[in-house]
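Each remark here refers to the structure printed beneath this line.
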Amino acid sequence: MAQRLASMRIIVRLEIENTGSIFSYIATAIGASGGDIVAVDLIQSRRDVVVRDITIAVENRAHGDRIVQALAALPGVKVVNVSDRIFLAHLGGKIEVKPRVQVKTRDDLSVVYTPGVADVCRAIAEDPAKAFTLTIKRNTVAVVTDGTAVLGLGNIGPAAALPVMEGKAMLFKQFAGVDAFPICLDTTDPDEIVRIVKAIAPAFGGINLEDISSPRCFEIEERLKEELDIPVFHDDQHGTAVVVLAGLMNAARVVGKELADLRVVVCGIGAAGVAISKMLMAAGITNIVGVDRVGIIERGKTYENPMWQWYAEHTNPENRHGTLDDAIEGADAFIGVSAPNVLKVEHVKKMAKDPIVFAMANPVPEIDPDEAAPYVAVMATGRSDYPNQVNNLLCFPGIFRGALNCRARQINEAMKLAAARAIASVVSDEELHAEYIIPSVFNKRVVEAVAAAVEQAAYETGVARRERQPRTGGDD
Ligand SMILES: NC(=O)C1=CN([C@@H]2O[C@H](COP(=O)(O)OP(=O)(O)OC[C@H]3O[C@@H](n4cnc5c(N)ncnc54)[C@H](O)[C@@H]3O)[C@@H](O)[C@H]2O)C=CC1
Ligand SMILES: CC(=O)C(=O)O
Ligand SMILES: [Mg+2]
């Protein structure tokens, strides 16, 4: 995947002794280390030193580090700071709160704050449903994590999880007009998480659980669903499952196989893997084999993880034993939500004709798509830099948009299936091909189609609280 990362750029701030030709040594050192100078900016010029920012195109972070070391070794040169566009884009965080009403006078203040606001408070106290019309509740989602399963980075804690949660909040707003707040909890105790989320729920129209490790995530979500009257949706489970089903529906069409006939291997039976398997079953697929670190999840074995016990009893109809090596033999599709480089080319070669591979571990997939390419009929990853990005970003903005529009009490199976069909339907018959089984996350029709289908399903299944309205995109 190296060539895909060649566009990475670092910005190195150098303090350079002001003695004539040092810059030519700097340029030579960068060139000799394989870097390309993209831009040079003068930050400060004194008689003895100049400070310059040098933007350098590098292959990857390790390559950038080598170039920085080469520069630091030059006489008369001091490396002051190294940044890259990724870190620069995160300076100060990625979101902010903006007022919708401007306060310019004391009179304004008496309307939107005290004493005026007291009338609104009393109205809501008398009729709590009014919170949906008179507060941010109608359009606001809490993105809640405990930092225990952040992307594929593992248990990195709540503070380190914040950039991802800010990112989700940013995407909620940009893609679907939903106001989302990142909430990173400094506890991993399920009881405490349930208690805290219940306690903050009054201000929100929905709860998006994110990057909470399995199997704890299942219990936390189930308890919150039972106890709250707003949608509780664990994105890594259901958002991912919805998008995988959409992608698999279209991939099956590309290879000319019936969805229900596919033999599917799911690798990584955690939050995403369990929900994907359940969703594929709901869509009619019967032959699913799950593989985790312990090998194939099979009947007759006892697992400490209660979800694996359930999984063993409901999947693997041929009762295969062994490892991924045994599961993959003759499989039509591999769905990876596990860890980097788990799937080898040798595995892909053992799959059925026209294999479908969704290698979705982030940030590094189960197999390098370039290595797999010659052996697969359809290849998808969770990444933005390859075709067929199967990422829950295709689901969560639209599904919450639809749920908030109709003030849904929950996001149920019918709404998830509707979302999957809506995503798949955005790719027309004429457009469908191996490198376009799933629409781009930037295709505006995705959020529109998902929100409309989800809202419709909410009304049909009786979970919508609001009378049917003409759809407006959320600012009504
Ligand atoms: N593309 C997308 O939209 C999404 C991608 N993901 C990615 O999927 C991966 C898993 O995410 P979650 O289910 O939330 O995490 P999780 O922690 O709940 O589950 C991961 C599972 O993979 C298993 N696993 C780890 N290494 C393995 C190996 N070498 N072989 C087999 N199984 C292995 C773990 O034991 C665990 O059961 C992460 O890399 C995450 O970034 C998750 C959600 C959405
Ligand atoms: C995309 C996402 O939610 C994850 O990798 O955890
Ligand atoms: Mg996630």
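The values are calculated or read from the model by the stated rules, or taken from the named source; none is laboratory data. These figures come from a predicted structure and were not determined experimentally. In this analysis, Cβ positions are derived from the backbone assuming ideal geometry, glycine residues included, and neighbour counts consider all displayed protein chains.
Looking at LEU417, LEU432, LEU404, which one is closer than 16 Å to ALA241 by Cβ, assigned by TED's automatic domain parsing to the domain that holds VAL265 and in contact (Cβ under 8 Å) with a residue 24 or more places away in the chain?
LEU417
Given the conditions (1) touching a Pro at 6+ places or on another chain (Cβ under 7 Å); (2) aromatic (Phe, Trp, Tyr); (3) more than 12 Å from ligand 1 (Cβ to nearest atom), report the number of the one that TRP310 does not fulfil.
TRP310 satisfies every listed condition except (1).
Considering every residue within segment 253-272, establish whether at least one is surrounded by fewer than 19 Cβ atoms within 10 Å (Cβ to Cβ) and closer than 16 Å to HIS347 by Cα.
No; the residues of segment 253-272 include none that is surrounded by fewer than 19 Cβ atoms within 10 Å (Cβ to Cβ) and closer than 16 Å to HIS347 by Cα.
Go through (1) more than 16 Å from ligand 1 (Cβ to nearest atom); (2) in contact with a Pro (Cβ under 9 Å, 6 or more places away or on another chain) for ASP261 and report which single condition fails.
It is condition (2) that ASP261 fails.
Being more than 25 Å from ASP261 (Cα to Cα), surrounded by fewer than 24 Cβ atoms within 10 Å (Cβ to Cβ) and not charged (D, E, K, R), is that true of even one residue in segment 313-335?
Among the residues of segment 313-335, not one is more than 25 Å from ASP261 (Cα to Cα), surrounded by fewer than 24 Cβ atoms within 10 Å (Cβ to Cβ) and not charged (D, E, K, R), which makes the answer no.
Of all residues in segment 198-218, how many are under 21 Å from the mean Cα position of the chain (by Cα) and more than 13 Å from ligand 1 (Cβ to nearest atom)?
4
Does segment 136-156 hold any residues that are away from ligand 1 (no atom under 15 Å from the Cβ) and crowded, with 16+ Cβ neighbours inside 10 Å, and which are they?
LYS137, ARG138, ASN139, THR140, VAL141, ALA142
Taking PRO363 as the residue in question, decide whether it is more than 16 Å from ligand 3 (Cβ to nearest atom), surrounded by fewer than 19 Cβ atoms within 10 Å (Cβ to Cβ) and modelled with pLDDT under 95.
no
Can you tell me which residue is surrounded by the fewest Cβ atoms within 10 Å (Cβ to Cβ) among those in segment 273-303 that are away from ligand 1 (no atom under 12 Å from the Cβ), closer than 22 Å to ALA339 by Cβ and without any contact (Cβ under 8 Å) to a residue 24 or more places away in the chain?
Among those residues, the one meeting the criterion is LYS301.
Which fully enclosed strands (runs of 3 or more DSSP E) of segment 1-102 have 2 or more residues being touching a residue at least 60 places away in the same chain (Cβ under 8 Å)?
So the answer is 8-17, 77-84.
Take segment 431-452 and flag every residue that is more than 19 Å from the chain's Cα centre (by Cα) and in a loop (DSSP other than H, G, I, E, B).
GLU431, LEU432, ALA434, GLU435
Kindly list, by first and then second residue, each pair from a residue in segment 179-204 that is in the same structural domain as ALA125 (by TED's automatic domain parsing) and modelled with pLDDT of 95 or more to a residue that is of a type in the set (Ser, Thr, Tyr) and assigned to a loop (DSSP other than H, G, I, E, B), limited to pairs with Cβ atoms under 8 Å and residues at least 6 apart or on different chains.
Listed pairs, sorted by first residue: THR188/THR148; ILE193/THR187; ILE196/THR187; ALA203/THR135.
Hey, could you check segment 387-430 for residues that are over 19 Å from the mean Cα position of the chain (by Cα) and of a type in the set (Lys, Arg) and say which is farthest from ligand 1 (Cβ to nearest atom)?
For segment 387-430, the residue satisfying everything is ARG407.
Can you find, within segment 233-251, the residue that is farthest from ligand 1 (Cβ to nearest atom) among those that are in contact with a Phe, Trp or Tyr (Cβ under 9 Å, 6 or more places away or on another chain) and polar (S, T, N, Q)?
For segment 233-251, the residue satisfying everything is ASN250.
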